[in-house]
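Below is one structure, written out as structure tokens, with a few remarks after it.
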Amino acid sequence: LELNLQSHAGAWREHIETAYRIWLEPCIRGVCRRNCKGNPNCLVGIGEHIWLGEIDENSFHNIDDPNCERRKKNSFVGLTNLGATCYVNTFLQVWFLNLELRQALYLCPSTCSDYMMGDGIQEEKDYEPQTICEHLQYLFALLQNSNRRYIDPSGFVKALGLDTGQQQDAQEFSKLFMSLLEDTLSKQKNPDVRNIVQQQFCGEYAYVTVCNQCGRESKLLSKFYELELNIQGHKQLTDCISEFLKEEKLEGDNRYFCENCQSKQNATRKIRLLSLPCTLNLQLMRFVFDRQTGHKKKLNTYIGFSEILDMEPYVEHKGGSYVYELSAVLIHRGVSAYSGHYIAHVKDPQSGEWYKFNDEDIEKMEGKKLQLGIEEDLEPSKSQTRKPKCGKGTHCSRNAYMLVYRLQTQEKTTTTVQVPAFLQELVDRDNCKFEEWCIEMAEMRKQSVDKGKAKHEEVKELYQRLPAGAEPYEFVSLEWLQKWLDESTPTKPIDNHACLCSHDKLHPDKISIMKRISEYAADIFYSRYGGGPRLTVKALCKECVVERCRVLRLKSQLNEDYKTVNNLLKATVKGDGFWVGKSSLRSWRQLALEQLDEQDGDVDQSNGKMNGNTLNKDESKEERKEEEEELNFNEDILCPHGELCISENERRLVSKEAWSKLQQYFPKAPEFPSYRECCSQCKILEREGEENEALHKMIANEQKTSLPNLFQDKNRPCLSNWPEETDVLYIVSQFFVEEWRKFVSRKPTRCSPVSSVGNSALLCPHGGLMFTFASMTKEDSKLGPLPASHNPRALIWPSEWQMIQKLFVVDHVIKITRSEVGDGDPSETQYISEPKLCPECREGLLCQQQRDLREYTQATIYVHKVVDNKKVMKDSAPELNVSSSETEEDKEEAKPDGEKDPDFNQSNGGTKRQKITHQNYIAYQKQVIRRSMRHRKVRGEKALLVSANQTLKELKIQIMHAFSVAPFDQNLSIDGKILSDDCATLGTLGIIPESVILLKADEPIADYAAMDDVMQGKDKLI
């Protein structure tokens, strides 16, 4: 017997080890390319390849050498591109290398003294520049003496309010910033600081017009900070300057009005350069507006320019020094005006060497020569124009958009700009932070290398000892082993709870995600990383293996039992049987399979992820709730009281043999023998339901017979055409009428009877009316015209009201009474409402409705284009002159004091009355004829989807795409009001859904035509 028991135990151990795949052959490296998840002995392809062999220590970290961020000797400091701020960086570098401007900015007073304490700056406070000048001071000081390879200009960009993600017009930015800087410096007391912008960048020219008849000259003086040169049709810079200064003839319709001749005369007009600045900025107009597309485009044409530019032939006063030397070339790389990259080639005024400034990167040109060839080859041009040959001292570029020339002097620039002490201390403090950062990064690199080397030694030692073989073994999850071999994540403690079965042992179905390792390796892992529980040979679960075998046997038997039950169901039931739900019978095999797999499903749901990452609690609760809501076998014939349901259509009688087979799979299913009575409570409820249904039918027939016209919506009274046969009309809620019609017209069993009129919904909290007589007769104009189905009120005849009082509970009586006033003149009639109007609550309601109209999203408006300068007036299209933004009650509010409202007049504390004459009444009836709610589009009109919070500028862009009219050529108006504020939102402009906006498109105007009027108005000033 003992031998038999030992033999039996050995057989069970063999079966259990087979279920856990203990003795599968381990895989060999080189033969097995990826890990076999079905083999717990396969330890190949789990991430070990990166550790085996020699490893470069630089692979142990992802930290760059901090010395790469250090400024190189005899080089300049770059600027970080914050997204799309390369155009700002180029100008900052150009202005920084203007030594006179830099020196003047250093002389500006600063608030930095507020941050000084004793002999240094407060350590706990960071210096924050307050003005544009202070931002430039700090930036220039860092660019001059910082140890960093590049610095961050975000403070300066933020102070200007620039969008770092959107590329702006570089030329426009230059002009606006110079104007801002000049205005800021104008408040300085030091004249060297106050006048630095004018001294460096400001020149003067005059628009000169000469009358051909009398020879009179008219001059209009103007200052300039850069010359904007047209490059279309030109190849050389000198040609662009000549065209800028060329003489123009004013003839025909463009003749000039001469003050001396007192008539329009032929004349000539040109620009004369009167004085030139020290720094001459020449803007090459590469970005021009294309009227056909409504967008800007870039002119990618080559323009030649020389390093020496003699401006003496172009100035009016000869004899001065007008020889300029090229000092900077600003480049836009890209073929489009809306994308690309900005860089700058700038000459160091002290060494004479050229540098290329490309955000963080600074490159020194060889041989003190400007080199543009590389930049010109980066972007292919659509025209594929060949680059013209350039002689010595000349250059050609199709990407240069600004040239900066400096006045040539005999003396070589030897000026050294010293950084003020307070700024230098700020720079020193930043340099200290940078040095600390470098030390910290170097230490982190060293620590990463040390950790990597230690991990390398550990892996080489332990990976060779991982295979278990015939020695004692343990199980560890594959996921934990992969994370142990992953250098990018720190190794966490071992967590084996996710693979445990209900007996706190290793679940046999989890063996695919586990690996069998030696006890020696497991001891080291747990001693170094901790965790648990440890899964030794004792963790193999006999109970789970037995249960899995039983489930497999039942699954194989299920198909045979399914056929047997089907045959039994075909036979007629003789004698007693059992009730089974039809739905359960249709799906019993699937339910049985799910029940057999239920244990596996519970394990998967409870285990979640390995190493402590469990399923989301909310998700698991929802899944459990859904499972609880699913009906089990034979629960579909349970009533709410837990007894047999009364509906025989939902169940079927089966034989005892069939029920016995089914009960093997569903032992906990509710059992109902054929002699079991149905639920007594459900029978009582069924009888009561039948009685209620009969009662509801009787009530519906009685109410339908009593109020036939109200039910069929026939012969309804109308306030705008008051019926002569009565002086009183009653009002009920339209919701009450609709709900009552639903009850009467449909099966009464589907709806409950309406018991109350519910007039309180038409009254305010103070018990007053929320509507006037005028709003009832012509629909409330402030709320907008409402169709009949949306009208909240219904009119009732007196006879109907008597019947309503008998059939329903009346909470509030609302009525309108008509009476004649005066000496019995029928032309004057007054209307009295009961209860009275509550002005405060009504005004609040109207204001709320107006606010709702101005908070719309994706609503439709209409834009009508006026063609051939013809006005759209009331005679041709009267609907275009009516905007929903101007309501009838708005017009009433505009009436002069003392004029009474003819529709509904009331005095303080008096009765609400309406006094109208017979003629006004007929005219009033014509006004309230209901128009169609649908907007009828006319020719030349388009519908646009807009929102209340979008600006007028955004609307103009939509109109540009719809009508091909540029925004600056659009003249928009609504109800005679001109829409001109591009920054205002549509809601604040009074544009509401269904509004009609008139569009008048301007024709293109020549540039000098507009200038002619300006000059003639200023002739008297010269």
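The values are calculated or read from the model by the stated rules, or taken from the named source; none is laboratory data. From a predicted model like this one, the values you see are computed outputs, not experimental measurements. Positions of Cβ are generated from backbone atoms using ideal geometry, with glycine treated the same way; all protein chains shown enter the neighbour counts. To get the accessible areas, we keep the full protein, side chains included, count just its heavy atoms, and leave off ligands, DNA and RNA. Shrake-Rupley method; radii C 1.70, N 1.55, O 1.52, S 1.80 Å.
Annotations for the structure displayed:
- Counted residues, the stretch 295-330 - those being surrounded by fewer than 16 Cβ atoms within 10 Å (Cβ to Cβ) and either of a type in the set (A, V, I, L, M) or not in a strand (DSSP E or B) (or both): 10
- Enumerated helices (runs of 4 or more DSSP H) restricted to the stretch 763-863, each holding at least 2 residues that are among the hydrophobic types (A, V, I, L, M, F, W, C), within 18 Å of residue 723 (Cα to Cα) and modelled with pLDDT under 80: 773-778
- Enumeration of residues in the stretch 524-540 that are under 15 Å from residue 477 (Cβ atoms), among the aliphatic types (A, V, I, L, M) and either open to solvent by 80 Å² or more (accessible area, probe 1.4 Å) or in a helix (DSSP H, G or I) (or both): 539
- The stretch 256-293, residues that are of a type in the set (Gly, Ala, Ser) and crowded, with 16+ Cβ neighbours inside 10 Å: 267
- Residues being touching a residue at least 60 places away in the same chain (Cβ under 8 Å), open to solvent by less than 50 Å² (accessible area, probe 1.4 Å) and not in a strand (DSSP E or B) - total across the stretch 390-421: 6
- Any hit, the stretch 566-573, residues being closer than 23 Å to residue 504 by Cα and either open to solvent by less than 80 Å² (accessible area, probe 1.4 Å) or at pLDDT below 65 (or both): no
- Within the stretch 482-512, restricting attention to residues that are more than 42 Å from the chain's Cα centre (by Cα) and part of a helix (DSSP H, G or I), the residue that is surrounded by the fewest Cβ atoms within 10 Å (Cβ to Cβ) is 512.
- Among residues of the stretch 530-543 that are in the same structural domain as residue 18 (by the TED database) and within 17 Å of residue 495 (Cα to Cα), none has a Cβ under 6 angstrom from a residue that is part of a helix (DSSP H, G or I) and open to solvent by less than 40 Å² (accessible area, probe 1.4 Å) at a sequence gap of 6+ or on a separate chain.
- Among residues of the stretch 571-596 that are under 13 Å from residue 554 (Cα atoms), those with a beta-carbon under 7 Å from a residue that is open to solvent by 20 Å² or more (accessible area, probe 1.4 Å) and among the basic types (Lys, Arg) at least six positions away or on a different chain give the pairs 596/555.
- Taking every residue in the stretch 138-160 that is of a type in the set (Asp, Glu) and pairing it with any residue that is open to solvent by less than 10 Å² (accessible area, probe 1.4 Å), at least 6 positions away or on another chain, the pairs with Cβ-Cβ distances below 9 Å are 152/79.
- Within the stretch 943-952, tally of residues that are modelled with pLDDT under 90 and either more than 11 Å from residue 991 (Cβ to Cβ) or open to solvent by 50 Å² or more (accessible area, probe 1.4 Å) (or both): 1
- Matching entry among 243, 228 (being of a type in the set (Asp, Glu), open to solvent by 60 Å² or more (accessible area, probe 1.4 Å), farther than 13 Å from residue 207 by Cβ and under 52 Å from the mean Cα position of the chain (by Cα)): 228
- Pairs where the first residue, in the stretch 735-746, is under 15 Å from residue 709 (Cα atoms) and the second is of a type in the set (D, E, K, R) and open to solvent by 70 Å² or more (accessible area, probe 1.4 Å), C-beta under 8 Å, 6+ apart: 744/704
- Residue selected from the stretch 15-52 under the condition open to solvent by 20 Å² or more (accessible area, probe 1.4 Å) and of a type in the set (D, E, K, R), by the criterion farthest from the chain's Cα centre (by Cα): 17
- A single entry from 211, 202 fulfils the requirement of being surrounded by 17 or more Cβ atoms within 10 Å (Cβ to Cβ) and either among the small types (Gly, Ala, Ser) or more than 45 Å from the chain's Cα centre (by Cα) (or both): 211.
- Yes/no for residue 662 being of a type in the set (A, V, I, L, M), assigned by the TED database to the domain that holds residue 585, open to solvent by 50 Å² or more (accessible area, probe 1.4 Å) and modelled with pLDDT of 85 or more: no
- Within the stretch 165-199, the set of residues being open to solvent by less than 60 Å² (accessible area, probe 1.4 Å), closer than 25 Å to residue 333 by Cα and modelled with pLDDT of 85 or more comprises 173, 174, 177, 178.
- Annotation note: Cβ proximity below 8 Å between a residue of the stretch 246-258 that is in a strand (DSSP E or B) and a residue that is surrounded by 10 or more Cβ atoms within 10 Å (Cβ to Cβ) and aliphatic (A, V, I, L, M) (sequence gap 6+ or interchain) occurs for 249/267; 250/267; 256/250; 256/267; 258/267.
- Within the stretch 165-211, being among the charged types (D, E, K, R) and either in a helix (DSSP H, G or I) or within 20 Å of residue 244 (Cβ to Cβ) (or both) holds for 172, 175, 182, 183, 192, 194, 204.
- Positions within the stretch 636-650 being β-branched (Val, Ile, Thr) and more than 53 Å from the chain's Cα centre (by Cα), in sequence order: 646
- Some residue of the stretch 674-681 being open to solvent by less than 60 Å² (accessible area, probe 1.4 Å) and part of a helix (DSSP H, G or I): no
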